[in-house]
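No lab work stands behind these numbers, since they all come straight from the coordinates. What you see is a predicted model; the values in this text were computed from it and never measured. Heads up, the Cβs are rebuilt from the backbone with ideal geometry, glycines too, and the neighbour counts pull from every protein chain shown.
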Amino acid sequence: MASITQRIVRSWSSRGLLPILLWPVSALMLGLVALRRHAYRVGLMKAESPGLPVLVVGNRIVGGAGKTPATIAIVQHLQQQGWHPGVLTRGYKRAADAPAFALIDPSSADQLSADQVGDEPLLIWRRTHVPVMVGRDRVEGGRALRRACPAIDILVCDDGLQHLKLARQIEVVVFDERGAGNGWLLPAGPLREPIAPAACGSLVAPPIVLYNAAAPTTPLKGHLAHRGMSPLQPLSQWWSGQGRNASLQPPREGAWAVAGIAHPPKFFDQLAALGFTTHPVARDDHDPYTALPWPEGIAHVILTEKDAVKIKPERARQERPGTQVWVAALDFRPDTSFWQAIDSALARLPGPHL
């Protein structure tokens, strides 16, 4: 039987009885959000700068909409354009007793676990190899990252759209197939704030909307991102950063597919589109994998990258010696128009020290 939380989440696609009953609470939420943003806009509450330009990637809707793949793509683009980015992130679902701030860099990455810093920060590090500062207070995290890595000249904040204390110059807002749901704020709908709130702060350009979907899913003008799947790699090769060995291929039938992400069916559908017939195993988003989610005797298992950062090859070999584990990396490619909008906003930045 579905829990009340599951029933509420399922109701967010329409304005049925349950959302209508919850609407008065959402109206209160809307008022609080508007009041808070107004306080920042008129200076009653102060946004603080970490001392470098800030590009924030986030979403208006709860749940994963594709922020982390967008962050990775943006960081890689900045690197190609000659920037030296660093990443700020909260480190969602990391241990409650973890240090207030944790830096992921070449000297620390091999010693840190997802329990200490979160799975998404580790994934960002592995895909970009730029310094990543994990901490709830992004302003102090940015300052600490700047002190630790003085060569950084821009900060990319993964999931900080509502963290208004952090002054930012560029915002990227990501939507997926859900769009704005029924258009109402929590708890009657899935929105954290209106899809186009009044601007506050020091933006150099209007928020840049990116649709992680086949077509736009809100009335907002934006750009599309095309997501696919890179060729599968053995877990050990993925962890070592080696190039893919084309001679190694998993079987098309019989493998288990494990996904501990916000929307596991997306992963299973991508595998099916590539011709794989798998046994799907959906896990909770940010599952810590204290126990491996497949039994002994399974010959092949396919993981998402977000899952792979939590399962080291040595552990997989020790606990499931008969299993070949594969990693399916996401191939996330925004349209050229998105990069043009990003570059146009970057060109308006007032300078590296704000």
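Couple of notes before you dig in:
- Residue match in region 253-261 (condition: closer than 30 Å to Leu292 by Cβ, of a type in the set (Val, Ile, Thr) and assigned to a loop (DSSP other than H, G, I, E, B)): yes
- Any pair with Cβ under 9 angstrom, 6 or more apart, that starts in region 62-81 at a residue that is aliphatic (A, V, I, L, M) and ends at one that is in a helix (DSSP H, G or I) and surrounded by fewer than 18 Cβ atoms within 10 Å (Cβ to Cβ): Val62/Val9
- Restricted to strands (runs of 3 or more DSSP E) entirely inside region 57-143, those with at least 1 residues that are surrounded by fewer than 21 Cβ atoms within 10 Å (Cβ to Cβ) are 101-104.
- Residues considered: Gly222, Gly189, Gly160. Of these, the only one that is touching a residue at least 40 places away in the same chain (Cβ under 8 Å) and either farther than 25 Å from Leu78 by Cα or surrounded by fewer than 20 Cβ atoms within 10 Å (Cβ to Cβ) (or both) is Gly189.
- Screening region 213-252 for residues that are of a type in the set (Lys, Arg) and part of a loop (DSSP other than H, G, I, E, B) and picking the one that is nearest to the chain's Cα centre (by Cα) gives Lys221.
- Search result, residues across region 286-303 that are surrounded by 17 or more Cβ atoms within 10 Å (Cβ to Cβ) and in contact (Cβ under 8 Å) with a residue 40 or more places away in the chain: His286, Ile298, His300, Val301, Ile302, Leu303
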